[in-house]
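A.B. asks: Take this structure, written in structure tokens, and hold onto it; I'll ask about it next.
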Amino acid sequence: MSGGRKRPAPAPFAGFSPFARSLLFSPASGYCKLPLPNASAAADGPHQENAGMPPPPPKRAKQAEPSSDDEERHSSDADGASGSDSDSSLECSSSDGDDASQEADFAFFDPKPSDFHGVRLLLKTYLDSKPWDLTGFVDLILEQTTVGTVVKMADDEEEEGEGNGGDKGDGGNDDDLFGLITVLNLGRYGENRCIKDLKEYLLAVCGNKDSEKKLKSLLEEKASSVGLLVCRRFVNFPYEMVPKLYDSLFDEVSWATEDEPTQELQDSFRFKQYLLVARILERKTNPKHNAKNNKDDDEEPVIYPKLEDEIFRELSSWSFTFPIRADQSAQQEMKNYKEMGLVMCVKAEAIPKFRKRLEALVSE
């Protein structure tokens, strides 16, 4: 790892109140504290390497450098990435109050079969607590290597390719997968059990007749031009990398419309709309909302754990929320909030505006 200088404190999110940022960056969920090996408490977790799996076909280089202009980058990044991955070095301070810092090299990689366990853990609560074909869903994501990215520690991937053939044994480190992003065509994969389960679930939780009608149209007659956009990552994933993560995805979608071997496959990436399933925190109704000097009045009505979801919602053509039935967070900071599911439909023509707003949000 290169020894870059210590990073300055990150700029606050535009549009995020001090209260919302205090929840996102509290010691319990601060982005700087990276998960350590064998940290089983993380919700979006690790993966286990599997020897003997063939590598995915090569494609255009992925980008993983931070979007901040004042960040020092590896010399290899300045020369341009080669192959299907690119590295980024971030230095994070410990949240236990000492002066120690931890530098981490992240890289973007194509999904592959050995990422199965890590991707499955990232997606285990994707449809709340509903029993569904999660294994089949993970398989679809890993099989689509031309569009999709996983984020790992760079050194872990390098070690996998060394003389041991990537075999880490049954006790291999499964804690180096930090994020995932992909998009799946709902028409192309519509006959898969996992997609049928997904459609059934979304229609069941939609409590608004108007939204249900639009959703049904999207899932059925318009499905061939709808992309299910899936992005899951640790809550402490370095937010400087988020714009590059989405840039990687949307660039690959554009390339796939030209590079795929058949016209049918090329057309399957010509999305007109994107469907997203996310989670938010909504403030509970406060029976004392009229009381004077109520300290809860400073709390945000909605908190977006993933900053980009607020932009997506503002740009969406329609959206709806639904209750999450899994156990709610017991953190003291969240006592006045309930976790809700959020389904959004975003037109493809709004994506350039989304990318600009996301980049501006992170770089301020």
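The values are calculated or read from the model by the stated rules, or taken from the named source; none is laboratory data. The structure displayed is predicted, hence computed values, not measured ones. Neighbour counts run over all protein chains shown; Cβ positions are idealised from the backbone, glycine included.
A.B. asks: Residue check, Asp267 against (1) surrounded by 20 or more Cβ atoms within 10 Å (Cβ to Cβ); (2) out of contact with any Lys or Arg (no Cβ under 7 Å at 6 or more places or on another chain); (3) more than 28 Å from Met153 (Cβ to Cβ), all met but one. Which one?
C.D. replies: (1)
A.B. asks: Here's another thing I want to ask about it. Can you find, within segment 197-209, the residue that is surrounded by the most Cβ atoms within 10 Å (Cβ to Cβ) among those that are out of contact with any Lys or Arg (no Cβ under 8 Å at 6 or more places or on another chain) and without any contact (Cβ under 8 Å) to a residue 60 or more places away in the chain?
C.D. replies: Lys199
A.B. asks: Among the residues in segment 221-232, are any surrounded by fewer than 16 Cβ atoms within 10 Å (Cβ to Cβ) and acidic (Asp, Glu)?
C.D. replies: Checked against the condition, which is being surrounded by fewer than 16 Cβ atoms within 10 Å (Cβ to Cβ) and acidic (Asp, Glu), segment 221-232 yields at least one hit.
A.B. asks: Sort through Gly148, Gly136, Gly161 and tell me the only one that's modelled with pLDDT of 95 or more and out of contact with any Lys or Arg (no Cβ under 9 Å at 6 or more places or on another chain).
C.D. replies: Exactly one of Gly148, Gly136, Gly161 is modelled with pLDDT of 95 or more and out of contact with any Lys or Arg (no Cβ under 9 Å at 6 or more places or on another chain), namely Gly148.
A.B. asks: Additional query: Which of the residues that make up segment 248-270 are over 20 Å from the mean Cα position of the chain (by Cα), farther than 13 Å from Gln144 by Cβ and not hydrophobic (A, V, I, L, M, F, W, C)?
C.D. replies: Residues satisfying the conditions are Thr257, Glu258, Asp259, Pro261, Thr262, Gln263, Glu264, Gln266, Asp267, Arg270.
A.B. asks: Do any helices (runs of 4 or more DSSP H) lying entirely in segment 198-273 carry at least 2 residues that are aromatic (Phe, Trp, Tyr), and which ones are they?
C.D. replies: Output list reads 242-259.
A.B. asks: Looking at segment 319-364 only, could you name the residues that are of a type in the set (Asp, Glu), at pLDDT 90 or above and more than 26 Å from Leu218 (Cα to Cα)?
C.D. replies: Glu359
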